[in-house]
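Below is one structure; the comments refer to it alone.
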Amino acid sequence: MADREADIFDACRSGNIAQVEKLYQINPDIIHAADYKGFTPLILAVYNNHPEIADFLLQKGAKIESGDVAGNTALMGVCFRGYKEIAEKLIDAGADVNQRNESGATALTFAATFGHLQIAELLLQKGADIDIRDARGKSPLDHAIIQENSAMIDLIIRYANAAK
């Protein structure tokens, strides 16, 4: 991996927007780089809660649908971590709320599993499919039940009933 690629990954992890902008000026294609785990600058920026860098990358055309080696996208990462503001940015920028990773999980699966109720509601408002099952045959509702998260269970059931 080229030094500049390593530099952009470090800058996105640490929140160094000035370095990200500088590296982009040198080579605009650097925003599409991926490290050995498949992490892109966007994935690293959002996973580490750096909305300013996410904004910059999205404005410059970062590929929002790119996933790491397991197929986890930037949206899935923020649903795992619980960053609602960034989830909204990604969805507004066109992230597919029903994109699946290699295990069949969606962003809603992550929000339900890790108890991020506000993000789950946002995803549902934006058309997340409650019936998509992961590779183990589990739906987001199943994951909420496993976690014994009554608020999440109620939310998903409310959306399921509204869809009928």
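Odds and ends about this structure:
- The angle separating the long axis of helix 3-14 from the principal Cα axis of greatest extent in the chain is about 50 degrees.
- Taken about its Cα centre, the chain carries a charge dipole of about 300 debye when Lys and Arg each add +1 at the Cβ and Asp and Glu each add -1 at the Cβ.
- Measuring between their Cα centroids, segment 7-68 and segment 118-154 lie 29 Å from each other.
- Selection from N49, G82, F114 lying farthest towards where the dipole of the chain points positive, charges on Cβ: F114
- Within segment 1-57, chymotrypsin sites (Phe, Trp or Tyr not before Pro) in DSSP loop having at most 10 other beta-carbon neighbours inside 10 Å: Y36
- Using a Förster distance of 25 Å, the FRET efficiency for R136-N161 (Cβ separation, nearest 0.05): 0.50
- Dividing the summed -39500 (n - 2.57) terms of all DSSP H runs of n ≥ 4 by the residue count of the chain sets its mean residue ellipticity at 222 nm at -16000 deg cm²/dmol.
- Protection proxy ranking, highest mean first, for peptides 16-22, 73-79: 73-79, 16-22, where packing is the per-residue count of other beta-carbon atoms within 10 Å, averaged.
- Per DSSP, loop GluC sites (Glu not before Pro) in segment 33-93 with at most 16 further Cβ within 10 Å: E65
- Positive-end ranking of Q59, A18, I91 along the dipole of the chain, with charges on Cβ about the Cα centre, is headed by I91.
A short reminder: the numbers here are calculations on the coordinates, not readings from a lab. Keep in mind that what you see is a predicted model, and the values were worked out from it rather than measured. For neighbour counting, all protein chains shown are included, and Cβ atoms are generated from backbone atoms with ideal geometry for every residue, glycine included.
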